[in-house]
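**Q** The structure follows.
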Amino acid sequence: MTYQVRAAAGVPLRGAGSPPCPFPKPGVATPAAAGAGRSAPAPSRGSAPDPGPQTPDGLNAPAAGLQACPDVPEPHERGPEVHPGGGTIQPRRRLRRGGPGAEPLGGGRGGAPGNGGRAGWGRGTPSTTLRTTPTVLCFAFRRPDGAPLDAGTYTGLLTLLGDLTPTVQALPPETALADVRGALRYFTRDAVQLAAVVRVRALALYGVDCAIGAAPNPMLARMAAREARPGRTLVVPDDPAAVRAFLAAKPAGALDGVGTATARTLGAYGLGTVGRIAAVPPAALQRIVGVRAGRELYERAHGIDRTPVVPGAAARSLAAERPFGRDEIDPDRHRRALLSLTEELGARLRAQGLACRSLALTVRCADRTTLTRTRVLAEPTAHSAALTRTAYAVYEGLGLQRARVRAVALRAEGLLPAERAARQLSFDPDDEKTRRIEAVADRVRAKFGPTAVLPGSLARSPGPAGRTAA
């Protein structure tokens, strides 16, 4: 804690070796008066003090035998002060914001990117700009040819973001969040300029482009990244009016926590857009969707997201893809591709002694749009039948009707050792039989190749070519 100790007359205390105080208290001997053997007389009560000798301009002149008072230094310019009771008092340091005398945060007493820039603003960055600029960036990485990212490339991109800010949250398979609050002050650049630096480095080092969303919180940043075109940065300013304009026409399902069932319920009340939801009182929303869900829905409809960006490395995952030779609209071929993906991932998981907690399905359409959905499994598993049921359920939830699909990809996420995975006991004899057949099929594939044993629907058709990633 910093203290300021001043005398009764408002003059700072003087340390040892400081020049004598030119304003003596009445009755206290001064250096000049001490030499003459007299002290300064105290004024009588009710009488005005003697103004002393006057200069031609009317200002008081120093008393005889006293030195002129030097300029009293500012608190931040002098050294530690000596407290009469002992010890020293450090002077209060003045914090300068910008201007010719400001120190950039990159060196000297400046702060690091992760400390919030407590030492002051960097040179050339107005404080008003830093108060209104977005602080969260969402990066949606993608290759120019539409191919999925492999695990090595994705990890390298996360390391690239880590050079910018330590607050990076991985959202596999191709997305990441970065909180650049400290980097804005450290690099003296705004969010759009930092995003441009990341885009150039990602293209130069990994050949990967990205669509970037910049916003005040993670929810708005993810929504902006979904709408941004590749090679562009969509900015949602940290301004309530701009946030309302950005959200007004969005469907209710675009908000976090609003699934298909909740969106259908809100639509029955005429609340199909975020703008209409924002105009409804919180009590009404709580009656429709529940107390807690209604409160969160009201906040998100107004662009409020209290979830932070949680730093962490990408969880280990296994992925595989099935591109089609031509744009495919047949749902049966889509399902056969999903079946081949789950069979492959299940065999790879069992071969490595792993189990997964969730599945992420990615569907790439002919117009280069990408649909990604993640489903958490009821229990960690490497059982191909359970993976197939989950993949089919996620695919049906997309509601694709005659969509021209170019490729489908499946990623097993949240991997853990199979011995640590809890399994619910079942009295279904068919399930036990399927697992025994699965174990035998794995041994046959290990000896004769991955295509030695296939499901009947895959054996009737060669299916699309495959691509795998770990």
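**Q** Select from segment 345-374 the residues that are within 26 Å of the chain's Cα centre (by Cα) and of a type in the set (D, E, K, R) and list them in ascending order.
**A** Those that are within 26 Å of the chain's Cα centre (by Cα) and of a type in the set (D, E, K, R): 357, 373.
**Q** Please state which of the following conditions residue 262 fails to meet, knowing it meets all the rest: (1) in contact with a helix residue (DSSP H, G or I) (Cβ under 7 Å, 6 or more places away or on another chain); (2) under 30 Å from residue 200 (Cα atoms); (3) of a type outside the set (D, E, K, R).
**A** If we test residue 262 against (1) in contact with a helix residue (DSSP H, G or I) (Cβ under 7 Å, 6 or more places away or on another chain); (2) under 30 Å from residue 200 (Cα atoms); (3) of a type outside the set (D, E, K, R), just (2) comes out false.
**Q** For segment 375-408, which residues satisfy the criterion of being open to solvent by 80 Å² or more (accessible area, probe 1.4 Å) and either within 29 Å of the chain's Cα centre (by Cα) or among the aliphatic types (A, V, I, L, M) (or both)?
**A** Hits for segment 375-408 are 375, 376, 378.
**Q** For segment 366-377, state whether one or more residues are touching a residue at least 40 places away in the same chain (Cβ under 8 Å), more than 26 Å from residue 328 (Cα to Cα) and polar (S, T, N, Q).
**A** no
**Q** Residues that are of a type in the set (S, T, N, Q) and in contact with a Gly (Cβ under 7 Å, 6 or more places away or on another chain): does segment 262-269 have at least one?
**A** no
**Q** Let me ask something else about it. Return the residues of segment 140-195 that are within 26 Å of residue 413 (Cα to Cα), of a type outside the set (Gly, Ala, Ser), open to solvent by 10 Å² or more (accessible area, probe 1.4 Å) and touching a Gly at 6+ places or on another chain (Cβ under 8 Å); say none if nothing qualifies.
**A** The answer is 143, 144, 166, 167, 168, 169.
**Q** In segment 304-347, what residues are of a type in the set (Lys, Arg) and open to solvent by 50 Å² or more (accessible area, probe 1.4 Å)?
**A** Those that are of a type in the set (Lys, Arg) and open to solvent by 50 Å² or more (accessible area, probe 1.4 Å): 306, 316, 326, 333, 335, 336.
**Q** To continue, here is another question. Looking only at residues in segment 426-461 that are more than 44 Å from the chain's Cα centre (by Cα) and small (Gly, Ala, Ser), which one is surrounded by the fewest Cβ atoms within 10 Å (Cβ to Cβ)?
**A** Ranking the candidates gives 456 first.
**Q** Of all residues being open to solvent by 30 Å² or more (accessible area, probe 1.4 Å) and closer than 22 Å to residue 399 by Cα in segment 271-289, which is farthest from the chain's Cα centre (by Cα)? Just the residue, please.
**A** For segment 271-289, the residue satisfying everything is 272.
**Q** Of all residues in segment 189-204, how many are under 14 Å from residue 149 (Cα atoms) and out of contact with any helix residue (DSSP H, G or I) (no Cβ under 7 Å at 6 or more places or on another chain)?
**A** The number of residues fulfilling the criteria is 1.
The values are calculated or read from the model by the stated rules, or taken from the named source; none is laboratory data. The structure displayed is predicted, hence computed values, not measured ones. Methodologically, a virtual Cβ is constructed for each residue, glycine included, from the backbone with ideal geometry; neighbour enumeration extends over all protein chains shown. To get the accessible areas, we keep the full protein, side chains included, count just its heavy atoms, and leave off ligands, DNA and RNA. Shrake-Rupley method; radii C 1.70, N 1.55, O 1.52, S 1.80 Å.
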